[in-house]
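Input: a single structure, listed below in structure tokens.
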Amino acid sequence: MDTVILIGMLFAVLGLGAYTVMIFNGLVALRNDIEKAWANIDIMLKQRHDELPKLMDVCKGYMDYERDTLLKVTQARSLYQQASTMDQKAKADQSATVALREVFAVAENYPQLKANQNFLQLQKRITELENQIADRREFYNDSVNTFNTRIQQMPDTLVASFMHVAPKPMFKVEAAEKTDVAISFSAGR
């Protein structure tokens, strides 16, 4: 009888150990998914920031009176290049998005610029990148949501506290990105 109880306890301990390892591995996989999702966003942001100098060069010849708008794009690009943390890159990304929206809105005042083939190609490329970035942000937030939910549910929360993991922040849109772009019709060509 003692052997049966001992074998039963051994199976219970082994089962609990295996279950704990499965939870641990699942949390590690989710954490890695978040890092991968952010790395994918970062790649797209780099591609967009690599396109910005080309866009600025095309616009400079046409947008003589829009130096503030062009300066915002340059500053946003500089912020991104200096950013080292995920939060800094996210803020730089939001600045660039707002600045690009302004550039494209102001370009409406310049028919010659709107007709420029290089500008149209760059606008199309950057718009495609913006859409891909939005998709990747959504995947990132889905991964973060799954991770944050898991580490707050029982019994995963016990393993998560052992791993010293904390909830990850979601990628949020700043209020500036939600507002309409103000278009000034002063001094257009």
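The values are calculated or read from the model by the stated rules, or taken from the named source; none is laboratory data. Worth saying up front: this structure is predicted, and the values here are computed from it rather than measured. Cβ: placed from backbone, ideal geometry, glycine included. Neighbour counts: every protein chain shown. Areas reflect the complete protein model, heavy atoms only, side chains present, ligands, DNA and RNA absent. Shrake-Rupley method; radii C 1.70, N 1.55, O 1.52, S 1.80 Å.
What is the number of the single condition among (1) out of contact with any helix residue (DSSP H, G or I) (no Cβ under 7 Å at 6 or more places or on another chain); (2) part of a loop (DSSP other than H, G, I, E, B) that Phe11 does not meet?
The failed condition is (2).
Just checking, how many residues over region 115-170 are exposed (fewer than 12 other Cβ atoms within 10 Å of the Cβ), under 26 Å from Lys89 (Cα atoms) and among the small types (Gly, Ala, Ser)?
Count: 1.
Could you check Leu45 against (1) over 20 Å from Tyr140 (Cβ atoms); (2) among the aliphatic types (A, V, I, L, M); (3) in a helix (DSSP H, G or I); (4) open to solvent by less than 50 Å² (accessible area, probe 1.4 Å) and say which number it fails?
Exception for Leu45: condition (1).
Answer yes if at least one residue in region 87-105 is farther than 30 Å from Ile151 by Cα, open to solvent by 40 Å² or more (accessible area, probe 1.4 Å) and not hydrophobic (A, V, I, L, M, F, W, C), and no otherwise.
Looking for residues that are farther than 30 Å from Ile151 by Cα, open to solvent by 40 Å² or more (accessible area, probe 1.4 Å) and not hydrophobic (A, V, I, L, M, F, W, C), one finds at least one in region 87-105, hence yes.
How many residues does region 51-109 contain that are free of Cβ contacts under 8 Å to residues at least 12 places away in the same chain and under 18 Å from Lys172 (Cα atoms)?
Result for region 51-109: 3.
Taking the condition of being outside any loop (DSSP other than H, G, I, E, B) and open to solvent by 20 Å² or more (accessible area, probe 1.4 Å), how many residues in region 50-79 meet it?
So the answer is 16.
In region 171-189, how many residues are closer than 18 Å to Leu100 by Cβ and either modelled with pLDDT of 55 or more or open to solvent by less than 90 Å² (accessible area, probe 1.4 Å) (or both)?
Going through region 171-189, the residues closer than 18 Å to Leu100 by Cβ turn out to be 171, 173-184.
Next, from what is left, pick out any that are either modelled with pLDDT of 55 or more or open to solvent by less than 90 Å² (accessible area, probe 1.4 Å) (or both): 171, 173-177, 179, 181-184.
Counting residues in region 171-189 that are closer than 18 Å to Leu100 by Cβ and either modelled with pLDDT of 55 or more or open to solvent by less than 90 Å² (accessible area, probe 1.4 Å) (or both) gives 11.
If you scan region 80-93, which residues turn out to be out of contact with any His (no Cβ under 8 Å at 6 or more places or on another chain), part of a helix (DSSP H, G or I) and farther than 18 Å from Arg125 by Cα?
Gln82, Met86, Asp87, Gln88, Lys89, Ala90, Lys91, Ala92
Which of the residues that make up region 143-175 are part of a helix (DSSP H, G or I), of a type outside the set (A, V, I, L, M, F, W, C) and free of Cβ contacts under 8 Å to residues at least 60 places away in the same chain?
Answer for region 143-175, where residues must be part of a helix (DSSP H, G or I), of a type outside the set (A, V, I, L, M, F, W, C) and free of Cβ contacts under 8 Å to residues at least 60 places away in the same chain: Asn145, Asn148, Thr149, Gln152, Thr157, Ser161.
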